[in-house]
Amino acid sequence: MRVKDVIEARQRPLDEVREQVAQRWRAAERHRMAEAKAKALAEQVRGGTALSAAAGTAGLTVETPPAVRRSTNASDMNLPPALVAKVFAARQGDVLVEALPGGYAIAQLTKIEKVDPAAESAEVAGVRDQLNQGMAADIRAQYLQALRARYGVTINQTVVQSLF
């Protein structure tokens, strides 16, 4: 590579950036208006209007996803991960609003299904295995840390690396 020329930093004139500034301003205004509309619709639903009725008057559609689980991949369900996190912090009947790349999502938690941990489903068994493995790893790490602190163990990483 060779440097042929150095161009000093400068503030570009408005004529050069006018279209970019206008596009960003329009995008910010659309975002602001969408947020205001979403919050207004959410307030209607909180006031007792059915979500489908409020969406219908605004010309929007309502999608009902299948049951959302903590292990659900939100992208497969077309749900933003932040909205899924809010769902698990909400109570039944709560109305949630979340920003999306192209607008806003309004959700209402209509039903909470409690999982029966006594039921031996594949999911419960999988979670139980993960918890057992995690606890075992934590206990092992704490035990090793206590032994190293008690006996002053040092590891010569150079020798260990030369073995592998």
Per residue, accessible area of the stretch 37-140 with a 1.4 Å probe, heavy atoms of protein chains only, in Å², comes to 71 Å²
Once Met1, Met33 are ranked on solvent-accessible area with the largest value leading and a 1.4 Å probe, the list reads Met1, Met33
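How much length is gained on full extension from Arg24 to Arg140, taking 0.36 nm per residue of separation minus their Cα-Cα distance?
The span from Arg24 to Arg140 would gain 36.4 nm if fully extended.
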Percent RCO, i.e. relative contact order, over the chain, from Cα pairs under 8 Å lying at least 6 residues apart
15 percent
Given a Förster distance of 22 angstrom, what is the FRET efficiency for Lys111 paired with Ala36, based on the Cβ-Cβ distance and rounded to 0.05?
0.15
Give me D for the stretch 20-114 in µm² s⁻¹, whole number, from Stokes-Einstein with Rh from the Kirkwood sum over alpha-carbon pairs, 25 °C and 0.890 mPa s.
170 µm²/s
How far is it, in nm, from the label point at Thr61 to the one at Leu147 when both lie 7 Å from their Cα along the line to the Cβ?
6.0 nm
Nearest-0.05 FRET efficiency for Asp15 and Ala85 at R0 = 45 Å, using Cβ-Cβ distance, is 0.50
What whole-number distance in Å separates the alpha-carbon centres of the stretch 4-48 and the stretch 121-149?
48 Å
Arrange the peptides 2-14, 135-147 so that the one whose residues have, on average, the most other Cβ atoms within 10 Å appears first.
135-147, 2-14
Inter-label distance for Ser162 and Glu123, nm, one decimal - labels placed 7 Å from Cα along Cα-to-Cβ:
5.4 nm
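The values are calculated or read from the model by the stated rules, or taken from the named source; none is laboratory data. Values in this document were obtained by computation on a predicted structure and should not be read as measured data. Please note: Cβ atoms are built from the backbone with ideal geometry, for glycine as well, and neighbour counts cover all protein chains shown. Side chains are part of the model used for accessible areas, which takes the heavy atoms of the whole protein and leaves out ligands, DNA and RNA. Shrake-Rupley method; radii C 1.70, N 1.55, O 1.52, S 1.80 Å.
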